[in-house]
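No lab work stands behind these numbers, since they all come straight from the coordinates. The structure presented is a predicted model; accordingly, all values stated were derived computationally and were not measured. Glycine gets a Cβ as well: all are built from the backbone with ideal geometry, and neighbour counts include every protein chain shown.
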Amino acid sequence: MSGGSFYYPQKMGRALLAGMEEILSPNGMRHALKLGGLENMLQEQPVQKFPFESISALQTTLELIYGPHGGRGVALRAGRASFKYGLKEYGSMLGLTESAFRLLALPNKLHAGARAFAELFNKHTDQIVRVTEGENQIIWQIERCPLCWGRAAEEPICHLAVGLIQEALYWVSGGKVFNVEETECRAAGGATCKIVIDKTPLT
Ligand SMILES: [Zn+2]
């Protein structure tokens, strides 16, 4: 399958790489990119856009290096670490760093934050996200997902997205932890990559 026509823009791709590098170390990152045949994503390369197939390959490479279980853990941590780099690039544009947002009550923050983040992906990348809300849950559905692009798996594998969402919730809520779970994944036969977020924090 070709991902040649769908991309993350430079800023989004760089935020993801910066988060990964924070977890892997610069040397570990170089090793991973070389192993994955992704040398064109090295920091010194002036990459303008990141094809979905390369983003998917990043996660596959983590699984090669650390094994399926270890790779999942590293991808979750890398996703969490990526959030602050993304926020630096996009936070003020989204209005999420303004006091009007920070003063909202938690349920309203979760609502507004989920909408704003989904819009960011929908407007500025080729990733398509649809957010729906139940009484107790927010459903984040990735309809065109770069993380599992072109892959087949036994179970959901979009761990970078789960980590990113965990950290976004932590930031939005001022330090609370929420249950976030990918319950369906395109790679595992799902219609979308479906990430279910409990609205009530664990802590
Ligand atoms: Zn996916």
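Can you give me the relative contact order of the chain as a percent, contacts being Cα pairs under 8 Å and 6 or more apart? Kindly include the intermediate steps, with their values, before the conclusion.
On the way: 353 pairs, mean separation 44.0, N = 203.
Value for the chain: 22 percent.
Cα-Cα pairs above 31 Å in the chain: how many percent? Counting every Cα pair in the chain, those more than 31 Å apart make up 13 percent.
Here the peptides 185-191, 67-73 are ranked by packing, the mean other Cβ count within 10 Å, and the order with the highest first is 185-191, 67-73. Using a cut-off of 17 Å between alpha-carbon atoms, which lysines can reach Lys49, once sequence neighbours fewer than 8 places away in the same chain are excluded? By straight Cα distance, Lys49 reaches Lys11, Lys123. Relative to the longest principal axis of the Cα atoms of the chain, helix 52-94 runs at roughly 50 degrees. Please give the helix 26-35 orientation as an angle from the longest Cα principal axis of the chain, in degrees from 0 to 90, rounded to the nearest 10. Helix 26-35 sits roughly 60 degrees off the main axis of the chain.
Angle, helix 159-172 long axis vs. longest principal axis of the chain, Cα atoms, 0 to 90°, nearest 10? So the inclination is approximately 30 degrees.
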